[in-house]
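Structure, as structure tokens:
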Amino acid sequence: MALLQTRELIAHYGDFQALFGVDIELAEAETIAIIGANGAGKTTLMRSIAGVLKNAAEAVQFDGIPIGAEPSDEIMAQGVAMVPEGRKLFPSLSVEENLLIGTYGRKIAGHWTLDTVYDLFPILRERRNSPGTALSGGQQQMVAIGRALMSNPRVLLCDEISLGLAPVVIKDIYKAVPAIKAAGASLIVVEQDIAQAMAVADRVYCMMEGRVTLSGTPDSLSRDAIHDAYFGAGH
């Protein structure tokens with residue numbers, strides 16, 4: 001059985017329909033990547049799973065339980081944490097205070113503590129008393145990931161974690177993925193960088209205009225098929 005799945009997921013912003021019957025599945029201990037151009041619906045999908053956008057209850061299921069209509073704090077308490085696009089750190093708080101916020105909604109014993117997050121991203125231990133905004137973009141992204149891990153999630157949603165970062169920094173951040181998986185989380189990664197998505201994922205879903213246009217394992221998808229699913233045939 002899938003750990004997390006969407007079924008015929010539809011999402012609107014007011015009168016604008018952003019998702020049209022999206023079906024994805026995430027198995028225990030799996031990493032899936034969601035790729036697609038800007039406006040494809042990737043972030044809307046993540047926000048729907050995380051409960052930021054309300055949906056039909058049955059449209060999102062976690063461990064066999066319908067959670068589509070649950071508020072985001074309830075979904076987090078059940079074990080789904082999101083690293084939001086744009087990091088969303090609290091500027092008035094230190095690195096350590098930002099990390100500790102991750103434990104507020106879900107206090108359970110697990111692998112992730114301040115110490116293990118600092119082991120994962122050693123630079124954060126050095127900067128633990130700095131304000132979050134005094135960090136580089138890459139370090140801020142590490143704080144955002146660490147904050148989500150502090151809830152010891154079963155599913156970690158990563159929305160565009162490489163956006164605006166230098167390639168060498170992106171490499172550093174993605175180096176953390178095996179350790180995150182080894183500690184028991186399954187991941188959904190939204191990524192515009194196709195090569196990066198392919199390198200980290202067990203399976204890939206491509207979206208265009210609010211629909212899934214292609215899915216499969218990275219080695220089963222040809223470059224041409226991805227191009228067509230990403231931009232539409234004929235581009």
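Key figures for this structure:
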read-out	value
Condition met for residue 194 (at pLDDT 95 or above, of a type outside the set (Lys, Arg) and under 16 Å from the mean Cα position of the chain (by Cα))	no
Within segment 52-64, tally of residues that are open to solvent by 40 Å² or more (accessible area, probe 1.4 Å) and more than 23 Å from residue 149 (Cβ to Cβ)	5
Within segment 11-33, tally of residues that are crowded, with 16+ Cβ neighbours inside 10 Å and in contact (Cβ under 8 Å) with a residue 24 or more places away in the chain	10
Some residue of segment 148-158 being open to solvent by 40 Å² or more (accessible area, probe 1.4 Å) and either modelled with pLDDT under 95 or not aromatic (Phe, Trp, Tyr) (or both)	yes
Complete set of residues in segment 77-126 that are among the basic types (Lys, Arg) and either open to solvent by less than 50 Å² (accessible area, probe 1.4 Å) or touching a residue at least 40 places away in the same chain (Cβ under 8 Å) (or both)	87, 88, 106
Meets criteria (among the polar types (S, T, N, Q), open to solvent by less than 30 Å² (accessible area, probe 1.4 Å) and either at pLDDT below 90 or within 24 Å of residue 5 (Cβ to Cβ) (or both)) for residue 220	no
Which numbered condition residue 231 misses (of (1) of a type in the set (Phe, Trp, Tyr); (2) at pLDDT below 95; (3) open to solvent by less than 60 Å² (accessible area, probe 1.4 Å))	(3)
Flag if residue 45 is open to solvent by less than 10 Å² (accessible area, probe 1.4 Å) and farther than 24 Å from residue 183 by Cβ	yes
Failed condition for residue 137, given (1) under 19 Å from the mean Cα position of the chain (by Cα); (2) closer than 14 Å to residue 37 by Cα; (3) surrounded by fewer than 17 Cβ atoms within 10 Å (Cβ to Cβ)	(2)
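The values are calculated or read from the model by the stated rules, or taken from the named source; none is laboratory data. Predicted model only: the values in this text are computed from it and were never measured. No Cβ is skipped: glycine too gets one built from the backbone with ideal geometry, and neighbour counts run over all protein chains shown. We work out accessible area using only protein heavy atoms, side chains counted, and drop any ligands, DNA or RNA first. Shrake-Rupley method; radii C 1.70, N 1.55, O 1.52, S 1.80 Å.
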